[in-house]
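Below is one structure; the comments refer to it alone.
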Amino acid sequence: MIDKTLIDLLKMMHGAFNICVAFAFLYQASVGFKIRGQRLSDGKADISLIKKHRKLGPFLAALGPFGFFAGVFIVLIQYGQIMIFTSHFVVGLALSIFIVTTYLISRMLKSRDSAWRTLHLIIGLVIMALYGVQIFLGITIIY
């Protein structure tokens, strides 16, 4: 059996890591909104912003699901099953699915007028909302 102190440390690291990832997604969203605003106002977006958004996206698309699976692992080693915190699990799973989906959609964005851009935006907004819910659920688990 793994020491309770180690599990408590892993749980705190899981929460801290995922809050950092949520803030990184918030930053990514702000860059995306700037790009979108520039495109809508004058048709051209700052190439440095686009490069920043494209470079960070795949990294975040890996970190989000990693945080989910780390949480699943922690619950599994502590309780022997994964459905202890059902709401937190379901929201985390949904986050992971939406993150991977928006990453895959981003690979389809070839032209400035692509219909995929709107779907990318909508799913990105869903991700931001779900992160807020997930952080709230995580805090309620701690306390």
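Looking at (1) 26, 19, 12; (2) 34, 13, 12; (3) 23, 19, 14, which value of semi-axes √(5λ) of the Cα gyration tensor in Å comes from a calculation on the structure shown?
(2)
Could you give the dipole magnitude of the stretch 15-57 about its Cα centre, charging the beta-carbon of Lys and Arg +1 and that of Asp and Glu -1, in debye to the nearest 20?
With Lys and Arg at +1 and Asp and Glu at -1, about 160 debye.
Skip the ligands, DNA and RNA, and give the accessible area per residue of the chain with a 1.4 Å probe, whole Å².
It amounts to 63 Å² per residue over the chain.
Carbon and sulfur atoms: what percent of the 1.4 Å accessible area of the chain do they account for?
Carbon with sulfur: 72 percent of the solvent-accessible area.
Give the ranking of Tyr103, Tyr143 by solvent-accessible surface, highest area first, calculated with a 1.4 Å probe.
Largest to smallest exposure gives the sequence Tyr143, Tyr103.
Show me, for the stretch 24-39, the HN-Hα J-couplings you get by feeding each phi into the Karplus relation (A = 6.51, B = -1.76, C = 1.60, θ = phi - 60°), rounded to Hz, glycine and proline as x.
Using θ = phi - 60°, the values come out as 5, 5, 4, 4, 4, 5, 5, 5, x, 5, 5, 4, 4, x, 5, 5 Hz.
Compute the acute angle (0 to 90°) between the alpha-carbon long axis of helix 47-79 and the principal axis of greatest extent of the alpha-carbon atoms of the chain; round to the nearest 10°.
Taking Cα atoms only, the helix is inclined about 20 degrees.
For Ser87, what accessible area in Å² do you get when you roll a 1.4 Å probe over the heavy atoms of the protein chains, rounding to the nearest 10?
Here the accessible area works out near 70 Å².
Under 18 Å Cα to Cα from Lys52, which lysines show up? Leave out anything in the same chain fewer than 8 places away.
Correct list for Lys52: Lys34, Lys44, Lys110.
How far, in degrees from 0 to 90, does helix 116-142 lean away from the longest principal axis of the Cα atoms of the chain, to the nearest 10?
Between the helix axis and the principal axis of the chain, the angle is about 20 degrees.
What residue among Thr118, Met13, Phe98 has its Cα farthest toward the positive end of the dipole of the chain, where the charges are +1 on Lys, Arg and -1 on Asp, Glu, each on the Cβ?
Thr118
Arranged from highest to lowest average of other beta-carbon atoms within 10 Å per residue, in what order do the peptides 76-84, 16-24 appear?
Ranking, from highest mean packing down: 16-24, 76-84.
Taking the highest mean first, how do the peptides 94-101, 124-131 order by number of other beta carbon atoms within 10 angstrom per residue?
94-101, 124-131
The values are calculated or read from the model by the stated rules, or taken from the named source; none is laboratory data. No experiment lies behind these values; they were computed from the predicted model shown. Positions of Cβ are backbone-derived with ideal geometry, glycine not excepted, and every protein chain shown enters the neighbour counts. Keep in mind that these areas ignore ligands, DNA and RNA; they rest on the heavy atoms of the full protein, side chains included. Shrake-Rupley method; radii C 1.70, N 1.55, O 1.52, S 1.80 Å.
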